[in-house]
Amino acid sequence: MSLSTSPDRVAATPPAPDDAAPGRRLASDEVRRGVFVGGIVVTAAIFLIGAWNRRWIADDGLIVLRTVRNLLAGNGPVFNAGERVEANTSTVWTYLVYAVAWLTNARLEYIALTLALLLSVGAIVFAMLGSGRLWGGAVGGLLLPAGAIVYIAVPPARDYATSGLESALVMCWLGLLWWLLMRWAQADSVRATGLLTLGFVAGLGVLVRPELLIVSLLALALIFFAPIPRARVLRPLLVLVSGIIPVGYQIWRMGYYALPYPNTAVAKDAAGAKWGQGFAYLWNLVGPYLLWVPLLILLVAAVVVARTTPRIPRERPVGWRRWQARLRSPAAVVTLILVAALALLVYSLRVGGDFMHGRMLLPVLFCLLAPVAVLPVRLPHGDPDNRWATPVALGAWVAVLIWSVLAVNITGTGTTIGRSGIVDERAYYALNSGHAHPLLAEDYLDYGRMRAMVTAIEDTPDGGLVLPTPSLMQWDVVPPPLPIPEGGVGHIVYFLNLGMTSMNVPLDVRVLDQMGLAYPLAAHTDRLTDGRIGHDKSLYADWVVADAGMVDRHPWLPWYFDEDWVTEADTALSCPAIQDLLASYRSELTWHRWVQNFKGSLDFAAFRFDRVPQYAIEQCGLEPPELQKPR
């Protein structure tokens, strides 16, 4: 690709004819710069308004806020006090919300909403700034919003510009990295501060979201092997600066949580393969909006414009240094961001995508569109090379605008969870909570049986295990055995929707889930082959009755329980491997425990057992218990 390497200008002016007035050239530069800056402002404003009009906090977004509440209360980075479980996928997002909450003491939902909006808009700005640098040398060209318009027109992009999830942070990190890489590629000389800043940002990817390790490694490899001044000093410094936080946190995580990655990855078996579901997820996003249309149009336009954009001469070294020098170039950065998009796409396809419409593919779309976030429309100067570039670029820009107007209000996926398991989460929760913009935890009290849960806790001061009934409207409370200490034993709520549940109860109420996001016992069960994507773990409640030590006999045990299953679950819990798992996150964190966790973290990550208590007993080689109804 024939791309600009100008480091200082957004839109460079071509060599002016001898009779051109200096004042006219200056005005022309100012017009181009004004169009570029104006395009950024208008696009960012449209995105901000669109995101605000679809504002919400997802149930999964509330999960993060429960951890922040525990941090603020001094319980540590945990979901339930006394249990070291990393229930949040993004480390940076958790601590960013916590830092702002600690500084401002503002309501957590409003902090998450504000941060997400700012980061989402920042992502678009960074993408356009990086693309502006890429195309800055387009002779006489106006840099018009193109790929950025495509991105913000896709409804899921506006949905997850808020949501309380880390999606906004992911996009902002990708946009910032793209911009910093393009600045680095175009700089006349590499400064130590700029290089180390770039390395630091690139190294944070794995803490923004684990799969972004792919992007981090690609970026760091490109920077490391490119020419570096004072390489004997700066290369080791680059490795140190880029790795000190992610590597340091990884070491701490393995000792504290006894896992090499967040517990969410265990619960969702992120290492598993579901290619068929992955392709269904891809079409669920691409199909309704005909996304391939703008992507193809912008690809053709980018190729045509790049082939007709003159190169800025640069000194070319010879031999190996010539190949090395190519690594610090706009073309190399564009290649990196496209390869990163492809790698993230393959990863998403392999794990089966997600249950939230479009969310997992937004980083892929963002990376694909970053190089053409703005598109140069070159003004005629009598240049024969410009014969095709101008009409193609202008036609592509108009086509993209037309597509965006048509796509902006298309409904991609309905509010009903069908066979694919994919749903429009924002629309689903807006419908089922009765709030057009569910933002606060109490908004979700209007979601099915949430108020009944709060009532069940208030009506049982002795505590117990709170379980949803098969009727889907009420709750059963399995009582603790006698004698009950003064003040009760506390409550344990066992329910799938962790966010709305945990944010509507005090921190002394333990909240666990069948899927295992906050309950490692469930997370380490075998994956259900035919389960809904992202929900393919489901631990039987018999395990929780036994684990919590509640009364395991009728009539105190709800009618739909089999006493023998609870007995078998109690026996299975005595399995040494399961006991080691429970101790890894429940026992006191001494130095000895930390070392054991660190050494065993990989084994803990790989450990799985059958959710049927009888089969778990067989797996462990335990003696079966005596049952009331022998099998």
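Descriptive notes on the structure:
- Residue-span extension gain [Ala73 to Trp591] - 0.36 nm each, minus C-alpha spacing: 184.1 nm
- Cα long-axis angle, helix 59-72 against the chain (0 to 90 degrees, to the nearest 10): 80 degrees
- Unpartnered cysteines - no second Cys beta carbon under 4.7 Å - across the chain: Cys172, Cys367
- Only one residue of Pro520, Met356, Val125 has its Cα farthest out toward the positive end of the dipole of the chain, where Lys and Arg carry +1 and Asp and Glu -1 on Cβ, and that residue is Val125.
- Unit charges at the beta carbon, dipole of the chain: most positive-side option, Leu259, Ala202, Ala58: Ala202
- Degrees, to the nearest 10: 22-53 long Cα axis against longest axis of the chain: 20 degrees
- Under 18 Å from the Asp562 label point (7 Å along Cα→beta-carbon), backbone N, segment 516-540: 538-540
- Electrostatic tally near Leu498: other residues with Cβ closer than 12 Å to its Cβ, Lys and Arg +1, Asp and Glu -1, net -1.
- A convex hull fitted around the alpha carbon atoms of segment 182-261 yields 86 Å³ per residue.
- Take the Cα of Tyr615, step 7 Å toward its Cβ, do the same at Asn105, and the gap between the two points is 5.3 nm.
- The helix-based estimate of mean residue ellipticity at 222 nm for the chain, built from -39,500 (n - 2.57) per DSSP H run of four or more residues and divided by its residue count, is -17500 deg cm²/dmol to the nearest 500.
- FRET E, pair Val239, Val300, Förster distance 25 Å, beta-carbon r, rounded to 0.05: 0.05
- Within segment 34-118, the proportion of C-alpha pairs whose separation exceeds 22 Å stands at 38%.
- Reported value for segment 118-223: 107 Å³ per residue, from the convex hull of its C-alpha atoms.
- Surface exposure of the chain, expressed per residue as accessible area with a 1.4 Å probe, stands at 43 Å².
- [x] 24.4, 78; [y] 27.6, 103; [z] 26.7, 85, with the label sought being that of the calculated Rg and Dmax of the Cα atoms in Å: [y]
- For the pair Ala399 and Arg326, the difference between a 0.36 nm per residue extended length and the Cα-Cα distance amounts to 22.9 nm.
- Taking each residue as 0.36 nm, the span from Gln628 to Leu496 lengthens on full extension beyond its C-alpha to C-alpha distance by 44.5 nm.
- Of the Cα atoms belonging to segment 535-602, the radius of gyration and Dmax stand at 15.2, 45 Å.
- Relative contact order %, the chain, counting alpha carbon pairs below 8 Å whose residues are six or more apart: 18 percent
- If you plug the beta carbon distance of Arg232 and Leu342 into 1/(1 + (r/R0)^6) with R0 = 30 Å, you get a FRET efficiency near 0.30.
- Label-point separation, Asp459 to Trp52 (7 Å along Cα→Cβ), nm: 4.4 nm
- Nearest-ten-degree value, helix 576-586 long axis tilted from longest Cα axis of the chain: 70 degrees
- List Arg55, Arg158, ordered by accessible area with a 1.4 Å probe, largest first: Arg55, Arg158
- For the chain, the carbon plus sulfur part of the accessible surface works out to 63%, probe radius 1.4 Å.
The values are calculated or read from the model by the stated rules, or taken from the named source; none is laboratory data. Values in this document were obtained by computation on a predicted structure and should not be read as measured data. Backbone-built Cβ (ideal geometry, glycine too); neighbour counts: all protein chains shown. When the accessible area is computed, the model is the full protein with side chains, heavy atoms only, and any ligands, DNA or RNA have been set aside. Shrake-Rupley method; radii C 1.70, N 1.55, O 1.52, S 1.80 Å.
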